[in-house]
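One structure below.
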Amino acid sequence: ESRAALDSWTGPATTTDGVHVKLLANVADGPSARTASEAPVEGVGLFRTELCFLDRRDEPSVDEQAKIYGEVLDAFTGEDRYVVVRTLDAGSDKPIAFATLEDEENPALGVRGLRLAVHNPGLLQRQLDGIAAAAQATGAETWVMAPMVATVAEAGDFAAAVRERGLKAGIMVEVPSAALLADRMLEVVDFLSIGTNDLTQYAMAADRLASDLAHLTDPWQPAVLQLIATTAAAGQRADKPVGVCGEAAADPLLAVALVGMGITSLSMAPAAVRAVGAQLSAVSTETCRKAAEAALAAADPMAGRDAVRALLG
Ligand code: PEP
Ligand code: MG
């Protein structure tokens, strides 16, 4: 794509045969949400709330949390826009002083994300109160999802707590068990969002921060794509949204294959939106399906990329 073509792409993303794919932004706080609201996006697909608290020693009060979340929601109150708020993903690569357990042998496999709520239930309840108050105050369409969900029981308990507050409930699919049980997860939640960064880490048993393992921590790995395809197919059967919010969503070539698997939204850094949108607007769903097949059948990530690139001509 030429620079000019990218700059002139204003969304929404629609394939040449008219299938609409929602493009959303990943944000960290009020200022990043306001910047994102100027990109051609239809909402926020991942608000990483833990990033608001990296420098906090003590847990903010419900009122203070409501104010912080409200700054993000305020940027996306427009009609047909929505914000997916992720509850605290503390632990492992994102230690939070008031939430993270100390001295775990293996923090990536430890008490992180939603698992902290079992350890400290009040923490999740207070965060959900803060999110609900912000949703009420701003009027923004607010969905809430939990990170690091591994079992259907965890998803069900979380969804009940979110729905009690009148909000839509979902989970991230970033533990392989959640992808394998996507049909059953969708019986208890309203939507799924695939976190390809962690899903890749856990499927390939390769630390996402280890640069020596970059050939394994690649979302084009056929095993990872198969978990994504399984999850997307479950979403189509249940007729519920299944998005991708990990780095994979920002790769225009991979985006084509993801849409071919049945993914309904892609959430990414705002800087990536135009390239992904322009690419999707240039292909048919038939091409997307062929791209999905080719990527899934490829021997390795490089072969997958080559095959999809060849299909796009
Ligand atoms: C992911 O794991 O893909 C994800 C989107 O969450 P994070 O990068 O914050 O762990
Ligand atoms: Mg993650």
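The values are calculated or read from the model by the stated rules, or taken from the named source; none is laboratory data. Keep in mind that this is a model prediction, so the values were computed, not measured. Heads up, the Cβs are rebuilt from the backbone with ideal geometry, glycines too, and the neighbour counts pull from every protein chain shown.
Inspection of the range 124-137 identifies no residue that is within 15 Å of Lys240 (Cβ to Cβ), in contact with a helix residue (DSSP H, G or I) (Cβ under 6 Å, 6 or more places away or on another chain) and crowded, with 19+ Cβ neighbours inside 10 Å. Among residues of the range 13-37 being touching a residue at least 60 places away in the same chain (Cβ under 8 Å) and assigned to a loop (DSSP other than H, G, I, E, B), the one that is surrounded by the fewest Cβ atoms within 10 Å (Cβ to Cβ) is Asp17. Name the pairs whose Cβ atoms lie under 7 Å apart, with the first residue in the range 300-311 and of a type outside the set (Ser, Thr, Tyr), the second outside any helix (DSSP H, G or I), and 6 or more positions between them or separate chains? Listed pairs, sorted by first residue: Pro301/Asp218; Pro301/Trp220; Pro301/Gln221; Gly304/Trp220; Gly304/Ala298; Arg305/Trp220; Ala307/Ala298.
A single member of Asp157, Asp129, Asp212, Asp198 is more than 16 Å from ligand 1 (Cβ to nearest atom), among the charged types (D, E, K, R) and either touching a Gly at 6+ places or on another chain (Cβ under 8 Å) or farther than 22 Å from Gly91 by Cβ (or both), and it is Asp212. Within the range 232-244, is even one residue in a loop (DSSP other than H, G, I, E, B), more than 17 Å from the chain's Cα centre (by Cα) and at pLDDT 95 or above? Within the range 232-244 (the criterion being in a loop (DSSP other than H, G, I, E, B), more than 17 Å from the chain's Cα centre (by Cα) and at pLDDT 95 or above), the answer is yes, since at least one residue qualifies.
If only one of Phe76, Phe98 is part of a loop (DSSP other than H, G, I, E, B), under 22 Å from Ser37 (Cα atoms), away from ligand 2 (no atom under 16 Å from the Cβ) and hydrophobic (A, V, I, L, M, F, W, C), which one is it?
Just one listed residue meets the conditions, Phe76.
The set of residues in the range 38-64 being under 14 Å from the mean Cα position of the chain (by Cα) and surrounded by 21 or more Cβ atoms within 10 Å (Cβ to Cβ) consists of Gly43, Val44, Gly45, Leu46, Phe47, Thr49. Quick one: is Leu116 at negative phi and either in contact with a Lys or Arg (Cβ under 7 Å, 6 or more places away or on another chain) or more than 16 Å from ligand 2 (Cβ to nearest atom) (or both)? No: the conditions fail for Leu116. Write out, first by first residue and then by second, each pair whose Cβ atoms fall under 6 Å of each other, whose residues are 6+ apart or on separate chains, and whose first residue, in the range 44-67, is within 18 Å of Asp129 (Cβ to Cβ) and in contact (Cβ under 8 Å) with a residue 12 or more places away in the chain while the second is away from ligand 1 (no atom under 16 Å from the Cβ) and part of a loop (DSSP other than H, G, I, E, B). Listed by first residue and then by second, the contacts come to Asp58/Phe98; Glu59/Phe98.
Yes or no: the range 262-281 includes at least one residue that is touching a Gly at 6+ places or on another chain (Cβ under 8 Å), outside any helix (DSSP H, G or I), β-branched (Val, Ile, Thr) and buried (at least 22 other Cβ atoms within 10 Å of the Cβ). Yes, some residue in the range 262-281 is touching a Gly at 6+ places or on another chain (Cβ under 8 Å), outside any helix (DSSP H, G or I), β-branched (Val, Ile, Thr) and buried (at least 22 other Cβ atoms within 10 Å of the Cβ).
Number of residues in the range 40-62 that are farther than 23 Å from Val242 by Cα and polar (S, T, N, Q) equals 1.
Search the range 208-225 for residues being surrounded by fewer than 15 Cβ atoms within 10 Å (Cβ to Cβ) and either at positive phi or in contact (Cβ under 8 Å) with a residue 40 or more places away in the chain (or both), and hand back the single one that is nearest to the chain's Cα centre (by Cα). Here the residue is Leu209.
Which residue is farthest from ligand 1 (Cβ to nearest atom), if the candidates are limited to the range 83-95 and must be in a strand (DSSP E or B) and buried (at least 20 other Cβ atoms within 10 Å of the Cβ)? Among them, the one singled out is Val83.
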